[in-house]
Amino acid sequence: MQNLNTYKNFYFVGIGGIGMSALARYFHAAGKNVLGYDKTETKLTAELQKEGIYISFEDVVNEKFSELNKENTLIIYTPAIKVLKILDYFNENNFEVLKRAKVLGLITENTECIAVAGTHGKTTTSSLVAHLCKVANLPFSGFLGGISENYKSNFIYNGTEMSVLEADEYDRSFLNLSPDWAIVTSIDADHLDIYGDTETIEQSFRDFADLVPENNQLFVRKGVKIGRPCKTYAVNEEADFYSDNLKIEGEKMFFDFNFDGKTEEFSWEIPGIHNVENATAAISILYSLNVDFETIKKGISTFKGIKRRYTKHSFANGKIYVDDYAHHPTELNAVIGSIRTFNPGKKLLVAFQPHLFSRTRDFADGFAESLAQADELLLLDIYPARELQKDFEGITSDWLLEKVNLDKKEVCSLSQAFDKIKEKDFDVLLTVGAGNIDTLYDPIMNWLENI
């Protein structure tokens, strides 16, 4: 097994990615020399620079490279990056070059690892598990797929004996891990550009589940078929661990957690039935790790959530604003369903930015059905990410809009969206998508606080 401690320098190609930056922070916390490249400056790259990490935004070999010795430098890259002069330089000069998932896998081999997989819910669930471990003062490092509102970071450091992380199915990355404990929240068709069909992605999740050594250390949402014995969890139906009696009083949600014929009552301020499901999985793991319920309850009640995972604000003028990362029909149904459940009769405006041409094409009918639950829809242009429009002729937001059975609907660009929103009549506004729609958040917040 490769020993990561032998490296002095860690260079990240694509350091601004959510998974890459968490790993960069891990090595920086361990006292290593961390540097990297990304094509765009973001809030996240600015924070990394403030923390003392050197970042270049040009694909050129600069003077920093002469300081790197191939004997003590590890190059880490993300599969989202295909061709770069920097990457060519490292390969041509025989540096050790590894994918992010491989490096994460090496870390999990040396730690007691809790991995959270699933096409939906894994970021919130893994972040909640990490927060509960921090409250319980367990010796872990947490690698998160989003920015925790509690820690204002995607990395939590409390030691190196354990690791808590999001197990990403993209590019089959999670098959590099060595989980001692695991949660599988859901298995839906997604990333069909990688997997091709539903059966192949389902098999990949079964392969991941088989990496977990013991049946009582694998927790799977009831109804998800994983092909091996496991512990099940659920909301409002019996399972090995389940929550019921959900009720809302003011800004708090209460629920009962049922286990081994016993019940414990919990409360927290995170809305959404799907989030109670995520909490049920997290509580189940911590209980199985022998953490006492007083500590778990403290962790649940103090959890503030993840940025862009049902981030909700209520204003003095009566308006409600929800911002969310959902980019799959199932996720949209969960978010819109929660808004409808807790705000009956209120007029809902949805501003949605589709993510990837391939995903828009593959799930067009599902998106159309989900979005038709709004009272009014602003459909933004498709965010291409790693894809090129020319490879997906005819797949546009106008094409998707035609499929949405809604009277009030229109397509607009990101630059037009804020002005359009200000013209609309709504009680609840939902901005949603995994691209750069998050740039609307600050302007919308400022506007809603002042009208």
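Can you say what percent of the DSSP beta bridges in the chain, counting only those with both residues inside, are antiparallel? Round to 5.
30 percent
Note down the relative contact order for the chain as a percent, whole number, built from C-alpha pairs under 8 angstrom at least six residues apart.
11 percent
Viscosity 0.890 mPa s, temperature 25 °C: Stokes-Einstein D of the range 124-184 from its Kirkwood Cα radius, in µm² per second?
206 µm²/s
If I compute solvent accessible area with a 1.4 Å probe over the protein chains, what percent of it on the chain is carbon and sulfur?
44 percent
Longer than 22 Å from Cα to Cα, which of 82/390; 307/346; 43/420; 102/152 are they? Say none if no pair is.
Those over the limit are 307/346; 43/420; 102/152.
Got a number for the accessible area of residue 302? Probe 1.4 Å, square angstrom, nearest 10.
60 Å²
I'd like the distance between the alpha-carbon centres of the range 299-373 and the range 57-114, rounded to an integer number of Å.
Between the Cα centre of the range 299-373 and that of the range 57-114, the gap is 36 Å.
Using a 1.4 Å probe, what is the accessible area per residue for the range 58-136, in Å²?
40 Å²
Could you sort 447, 181, 399, 268 by accessible area so the largest value comes first, with the probe set to 1.4 Å?
399, 447, 181, 268
Just tell me which aspartates and glutamates come within less than 20 Å, Cα to Cα, of residue 319; anything on the same chain fewer than 8 places away is out.
Candidates past the 8-residue exclusion: 249, 251, 269, 375, 376, 419, 423, 425, 427, 438, 442, 449.
Using only Cα atoms, locate the centre of the range 126-140 and the centre of the range 200-266, then give the distance between them in Å, rounded to an integer.
What the calculation gives is 18 Å, centre to centre.
What length, rounded to one decimal in nm, is gained on full extension from residue 295 through to residue 449, with 0.36 nm per residue of separation minus their alpha-carbon distance?
This chain segment gains 51.8 nm when fully extended.
Any chance you could get the radius of gyration and Dmax over the Cα atoms of the range 120-258, in Å?
Both quantities, over Cα of the range 120-258: 16.0, 45 Å.
Let me cross-check residue 157: its accessible surface, 1.4 Å probe, with only protein heavy atoms counted, in Å² to the nearest 10?
Taking all protein chains as shown, residue 157 has close to 110 Å².
Shape verdict for the chain, please, from the Cα gyration tensor: rounded (a/c under 1.5), prolate (a/b greater than b/c) or oblate.
Because a/c hits 1.5 or more and a/b fails to exceed b/c, the chain counts as oblate.
Show me the trypsin sites (Lys or Arg not before Pro) within the range 38-85 that DSSP assigns to loop and that have at most 13 other Cβ atoms within 10 Å of their Cβ.
Loop-located and lightly packed - 39, 70, 82.
Have a look at 281, 157, 22 and report the one farthest towards the positive end of the charge dipole of the chain, computed about the Cα centre with Cβ charges (Lys/Arg +1, Asp/Glu -1).
Working it through, the farthest residue towards the positive pole turns out to be 157.
Normalized C-alpha radius of gyration of the range 73-198, against 2.2 N^0.38 Å?
Dividing the Cα radius of gyration by 2.2 N^0.38 Å gives 1.14.
For the range 182-340, what is the percent of antiparallel DSSP beta bridges, rounded to the nearest 5?
The answer is about 65 percent antiparallel.
So which lysines pass the test for residue 262, namely a Cα distance under 16 Å, with those fewer than 8 places away in the same chain ruled out?
Leaving aside lysines fewer than 8 places away in the same chain, those within reach of residue 262 are 297.
Return an integer: the convex hull volume of the alpha-carbon atoms of the range 251-310, in Å³ per residue.
Dividing the Cα hull volume of the range 251-310 by its residue count gives 84 Å³.
Just for the range 333-451, what percent of DSSP beta bridges are antiparallel, to the closest 5?
Around 0 percent antiparallel, to the nearest 5.
Using the heavy atoms of the protein chains and a 1.4 angstrom probe, tell me the accessible area per residue for the range 296-422 in square angstrom.
44 Å²
Sequence gap at least 6, Cα distance under 8 Å: using those rules, report the relative contact order of the range 328-451 to the nearest whole percent.
Normalised by residue count, the contact order of the range 328-451 is 33 percent.
The values are calculated or read from the model by the stated rules, or taken from the named source; none is laboratory data. As the structure is a prediction and not an experimental result, all values here were calculated from the model. As a convention, Cβ positions derive from the backbone with ideal geometry for all residues, glycine included, and neighbour counts pool all protein chains shown. Heads up: the accessible areas ignore ligands, DNA and RNA and are worked out on the full protein's heavy atoms, side chains in. Shrake-Rupley method; radii C 1.70, N 1.55, O 1.52, S 1.80 Å.
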